[in-house]
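The values are calculated or read from the model by the stated rules, or taken from the named source; none is laboratory data. Fair warning: this is a prediction, and the values are worked out from it, not measured in the lab. A quick note on method: Cβ atoms are made from the backbone with ideal geometry, for glycine too, and the neighbour counts reach across all protein chains shown. Note: accessible area is taken over every heavy atom of the protein model, side chains too, but ligands, DNA and RNA are not part of it. Shrake-Rupley method; radii C 1.70, N 1.55, O 1.52, S 1.80 Å.
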Amino acid sequence: MAGAIIENMSTRKLCIVGGILLVLQVIAFLVGGLIAPSPTTAVPYMSVKCIDVRKNHHKTKWLMPWGPNHCKKLKDFDEAVSRQIEANDIVFAVHIPLPSKEMSPWFQFMLFIMQLDIAFKMDNDLKENAEITLDVSLAYRDDMFDDWEEIAHAIEIRKLKCTFGSPKTVESEGRHYDCDFLPFMEIGSVAHKYYLINIRLPVNDRKGINVGIGEIKDIRLVGIHQNGGFTKVWFAMKTFLTPSILIIMVWYWRRITLMTRAPVLLEKVIFALGISMTFINIPVEWFSIGFDWTWMLLFGDIRQGIFYAMLLSFWIIFCGEHMMDQNERNRLSGYWKQVGPIAGTRGPLSPLTVGVLSPLCRGVQLKNPFYSIWTTEVGTELAMAFIIVAGICLCLYFLFLCFMVFQVFRNISGKQSSLPAMSKARRLHYEGLIFRFKFLMLITLACAAMTVIFFIVSQVTEGHWKWGDITIQVNSAFFTGIYGMWNLYVFALMFLYAPSHKNYGEDQSNGDLGVNSGEELQLTTTITHVDGPTEVYKLARKEAQE
């Protein structure tokens with residue numbers, strides 16, 4: 001009778017804790033949807049055509065598109081022709097931000113894409129597979145009257161992909177090509193108030209540089225940066241969640257060290273998952289407000305890759321440890337075939353890209369912010385190959401994981417046939433354990449499904465929903481909700497799988513369980529026992545061996 005009461009108490013506690021976690025999950029989504037603004041802002045910039053008539057185009061002077069020391073401007077290239085100004089004497093200047101505004105460290109990063117306005121002319125047609133050479137420079141200053149300080153200078157080549165929707169006749173002259181956007185620049189911090197970009201299109205007929213690229217009318221840039229309001233909400237969440245996960249980790253490991261046995265593999269993996277979650281949570285981004293840490297994007301990619309690799313590995317080991325008909329368990333070496341390939345499948349949607357490709361690109365961008373792997377044929381093919389292989393590996397992983405989950409549920413269902421032979425209290429005990437195990441498996445599936453669903457919703461919607469006077473930022477809700485969800489998932493794992501101080505003992509002659517009246521009763525102790533791994537695992541494994 002005592003065992004039945006204990007199990008009812010534990011099930012009731014499980015429902016209470018599940019309800020609390022559900023409320024916290026809703027709050028996480030509402031924080032992003034109602035409090036935070038959109039995660040990013042896109043700002044269009046139109047370059048100003050400046051005249052650089054200095055001999056040899058000495059690179060120490062910067063050409064400003066506006067302001068007290070603005071450059072001599074050209075309205076269009078017809079004016080340049082009439083004034084006999086050569087293409088090598090024209091500089092496209094872009095000031096960031098727009099007039100009367102300032103950049104802020106809260107913006108975290110800046111990403112720029114380029115769009116070229118190219119007009120059709122019979123005597124200057126755009127060649128097939130044409131490439132444009134850009135001589136680009138980036139500078140900064142923190143006061144409108146300070147001198148510009150160079151950040152980077154590079155010679156970059158971009159391949160033009162343009163289409164022309166009309167017949168190429170004299171009547172079509174002046175119409176513009178429809179050209180794809182080109183990757184231009186990315187920097188991992190916004191530590192200064194003002195930035196200046198100077199773009200030159202050097203022409204060399206003998207070397208074939210910028211020949212056959214059509215008649216370029218204008219250069220447009222689109223700058224994308226993180227919203228300061230979203231950054232503050234994001235930092236606040238990380239600051240709140242970091243101690244929460246740290247506290248449950250300390251409590252979890254302390255309960256393991258109090259046992260007379262050594263930790264089992266599943267307990268170690270859960271603790272490692274908690275460490276990887278803490279690694280993501282630690283709000284080192286606060287330092288980026290006061291320091292020019294351009295490597296923060298690279299650091300973020302590495303942290304994300306580690307967490308997803310650990311999460312995917314945990315799911316394999318978690319299912320494997322409950323494959324009751326497999327006797328050689330509790331050894332990490334038994335999973336090398338399953339866990340090893342995860343090194344190539346870590347990440348949310350393009351796992352290999354997050355784990356390998358993205359850090360490599362961001363590493364190069366620390367020295368050259370204008371670098372992009374998508375600008376060359378080899379780089380594009382390599383990137384596509386990475387993404388395709390990663391997608392295939394990820395699909396195979398989930399198929400294998402689904403197979404393992406099916407095997408676990410089948411085995412557990414088969415072992416349930418032995419429960420009627422047990423005493424009522426012991427049967428209720430094991431039925432509760434099986435119920436909680438299935439519940440945790442379904443929560444795992446729900447977390448993975450919600451991640452995919454909310455990502456798709458955030459991509460296909462306009463970014464926000466409006467109901468009356470209430471505006472919900474869908475993209476912000478996706479980021480804060482999914483981030484909070486995985487923290488709650490890790491929290492629940494350590495809470496539920498902490499070792500138990502209950503002692504159910506052997507069946508007594510009267511059919512009840514021997515339970516000491518002074519023993520501590522906790523929900524967190526109902527899955528893992530003080531004397532070993534999960535009791536569902538122990539029970540079924542024992543029967544499999546028999």
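Details
- Quotient of C-alpha Rg and 2.2 N^0.38 Å, computed over the range 43-226: 1.06
- Taking all protein chains as shown and a probe of 1.4 angstrom, D180 keeps an accessible surface of around 90 Å².
- Cross-link pairs beyond the 19 Å C-alpha cut-off, checked among K49/K367; K127/K168; K49/K72: K49/K367
- Kirkwood Rh (inverse of mean 1/r, distinct Cα pairs), the range 237-330, angstrom: 15.3 Å
- Restricting the chymotrypsin sites (Phe, Trp or Tyr not before Pro) of the range 85-170 to loop positions (DSSP other than H, G, I, E, B) with no more than 10 neighbouring Cβ atoms within 10 Å leaves F145.
- Among F112, F145, T41 the positive-end extreme of the charge dipole of the range 39-180 (Cβ point charges): F145
- The range 219-310: chymotrypsin sites (Phe, Trp or Tyr not before Pro) in DSSP loop, at most 16 other beta carbons within 10 Å: F291, W295
- Using the Cβ-Cβ distance between L382 and R220 with R0 set to 35 Å, the FRET efficiency from 1/(1 + (r/R0)^6) comes to roughly 0.75.
- For the range 185-239, applying the loop criterion from DSSP together with a ceiling of 11 other beta carbons within 10 Å to the trypsin sites (Lys or Arg not before Pro) yields R206, K207.
- Percent carbon-and-sulfur accessible area, the range 43-226, ignoring ligands, DNA and RNA, probe 1.4 Å: 49 percent
- Per-selection Rg to Rh, the range 101-187 - Cα, Kirkwood hydrodynamic radius: 1.12
- Placing unit charges on each Cβ (+1 for Lys and Arg, -1 for Asp and Glu) gives the range 43-226 a dipole about its Cα centre, and among F164, I219, I209 the Cα reaching farthest toward its positive end belongs to I209.
- The charge dipole of the range 43-226, taken about its Cα centre with unit charges on the Cβ atoms of Lys, Arg (+1), Asp and Glu (-1) only, comes to about 200 debye.
- Paramagnetic reach from S172 in the range 123-145 [backbone N under 20 Å; point 7 Å along Cα→Cβ]: 123-131
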